[in-house]
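The values are calculated or read from the model by the stated rules, or taken from the named source; none is laboratory data. Note that the structure is a prediction, hence the values are computed from the model and not measured. We place every Cβ from the backbone using ideal geometry, glycine too, and count neighbours over all the protein chains shown.
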Amino acid sequence: MSCQICYEDDCVEIENADELFVAFDLTSPEADAIILSQVGDKILDLITNDREFLLILQKALGTRGESKQR
């Protein structure tokens, strides 16, 4: 199942954790909360295993486990 996310005049369909990772990678840290709020409960459809969870967690929290939001 996919979900649509929009940020600054661009909208894309996200179908899996890898695409969600790319969305985080291409946007600024300030966009993380916006993206996650649009994904909502569909995140359980996008992230289906431990590897994907750790991939997204690393991107959302940064490489040292600290919050990217300051």
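For (1) of a type outside the set (D, E, K, R); (2) more than 9 Å from the chain's Cα centre (by Cα), each residue gets a yes or a no:
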position: ILE5; (1), (2): yes, yes
position: ALA23; (1), (2): yes, no
position: LEU26; (1), (2): yes, yes
position: PRO29; (1), (2): yes, yes
position: LYS42; (1), (2): no, yes
position: LEU55; (1), (2): yes, yes
position: GLN58; (1), (2): yes, yes
Open item on the list: Given the criteria free of Cβ contacts under 8 Å to residues at least 60 places away in the same chain, under 16 Å from LEU61 (Cα atoms), out of contact with any Pro (no Cβ under 6 Å at 6 or more places or on another chain) and in a helix (DSSP H, G or I), does ILE43 qualify?
Closed with: no
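Yes or no, residue by residue, for (1) modelled with pLDDT of 90 or more; (2) loosely packed, with under 14 Cβ neighbours inside 10 Å; (3) touching a helix residue (DSSP H, G or I) at 6+ places or on another chain (Cβ under 8 Å):
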{"site": "ILE5", "(1), (2), (3)": "yes, no, yes"}
{"site": "ILE14", "(1), (2), (3)": "yes, no, yes"}
{"site": "ALA23", "(1), (2), (3)": "yes, no, yes"}
{"site": "ASP41", "(1), (2), (3)": "yes, yes, no"}
{"site": "GLY62", "(1), (2), (3)": "no, yes, no"}
{"site": "GLN69", "(1), (2), (3)": "no, yes, yes"}
